[in-house]
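Read the figures in this text as sums done on the coordinates, not as results from a lab. All of these numbers come straight from a predicted model, not from anything done at the bench. Cβ atoms come from the backbone with ideal geometry, glycine included; neighbour counts cover every protein chain shown.
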Amino acid sequence: MSIRRFFRTWMLVTLLGGMPAAATTQLRVELAQLSKDADAVVHGVVRRAESRWSGDGRRIVTDVEIEVSESLKGTWGSTVLVTHPGGQVGELGQVVHGLGSFRPGEEVVIFLRKRGDSFRLAGGAQGKYQVQRTGDGATVLAVPSATEALLIDPVTRKPTAVREKTRTLAELKAAIRAALVEPAP
């Protein structure tokens, strides 16, 4: 191997080694489209998150029970069950990038797709906003879930850095309601 080729290879490995790897790619979904495509949109609090083996024993899934404080789309009762791939059972864990994670006590606004007896997040992590309140309660923010997924622009089909922005909870709810009354194109 020539010195020049060695140096180029070394530079490439050095540069790429410092970049984060995105194991999942997803189409970026605008808030209005996410609102329309979801079967349910709820504001609530995570009551429990428990991982288990799937029915066929081949995968780990996590069941997340959300106590609904407000249904923004659909009528589903006082709780909804969200099941998503990944989690930890005993010493064995499975990570699925691009999905939102949940922890008990967390306040969220989530966009859901119906799957049998439970739901899945619509748009992966894009379908979850964490509600954060200031100490005095004067400000309530809706913060989009972070995702390791590489988002692809649905028009250009190229990677995009554009992500949903943090809004107040009232602004997020108003945007969802506005999207739901817009006529379909």
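Inter-part distance, region 114-161 to region 36-113, computed on C-alpha centroids, equals 13 Å. Each of ALA178 and ARG115 was given a label point 7 Å from its Cα along the Cα-to-Cβ line. The distance between the two points is 3.2 nm. Packing, taken as the mean count of other beta carbons within 10 Å per residue, orders the peptides 86-97, 152-163 from highest to lowest as 86-97, 152-163.
Which net charge results when you count Lys and Arg as +1 and Asp and Glu as -1 among the other residues whose beta-carbon is under 15 Å from that of TYR129? Please report the intermediate quantities before stating the final value.
Values: positive: LYS73, ARG103, LYS128, ARG133, ARG163, LYS165, ARG167, LYS173, ARG177; negative: GLU30, GLU70, GLU106, GLU107, GLU164, GLU171.
Summing Lys and Arg as +1 and Asp and Glu as -1 gives +3.
Taking a straight line from the alpha carbon of LYS36, these lysines sit under 22 Å away, with near neighbours fewer than eight places off in the same chain left out: LYS73, LYS114, LYS128, LYS165, LYS173.
Once the Cβ-Cβ distance between LEU141 and SER78 is put in as r, and R0 is 22 Å, what FRET efficiency do you end up with, to the nearest 0.05? Don't skip to the end; give the middle numbers.
On the way: r = 25 Å, r/R0 = 1.14.
Computed FRET efficiency for LEU141 and SER78 comes out at 0.30.
Between GLU70 and ASP56, the modelled labels are 4.0 nm apart [label points 7 Å from Cα along Cα→Cβ].
In region 22-181, a dipole from Cβ-located charges (positive for Lys and Arg, negative for Asp and Glu) runs towards its positive end, and of HIS84, ALA149, SER101 it is ALA149 whose Cα lies farthest in that direction. The sum of -39500 (n - 2.57) across all DSSP H runs of n ≥ 4, divided by the residue count of the chain, sets its helix-only mean residue ellipticity at 222 nm to -6000 deg cm²/dmol.
If you plug the beta carbon distance of GLU91 and ARG48 into 1/(1 + (r/R0)^6) with R0 = 25 Å, you get a FRET efficiency near 0.75. Across region 22-181, counting alpha-carbon atoms alone, Rg and Dmax equal 15.6, 48 Å.
Can you give the extra length, in nm with one decimal, that the chain gains between ARG103 and VAL162 once fully stretched, where that is 0.36 nm per residue apart less the Cα-Cα distance? Present the calculation step by step, with values, prior to reporting the outcome.
Working: separation 59, 0.36 × 59 = 21.24 nm, distance 2.64 nm.
Computed gain between ARG103 and VAL162 is 18.6 nm.
With 0.36 nm allotted per residue and the present C-alpha distance subtracted, the GLU171-LYS36 stretch has 46.9 nm of extension available.
Quickly rank 53-62, 71-80 as a protection proxy: mean count of other C-beta atoms within 10 Å, highest first. Can you show the working numbers first?
On the way: 53-62: 12.6, 71-80: 14.2.
Descending packing order for the listed peptides: 71-80, 53-62.
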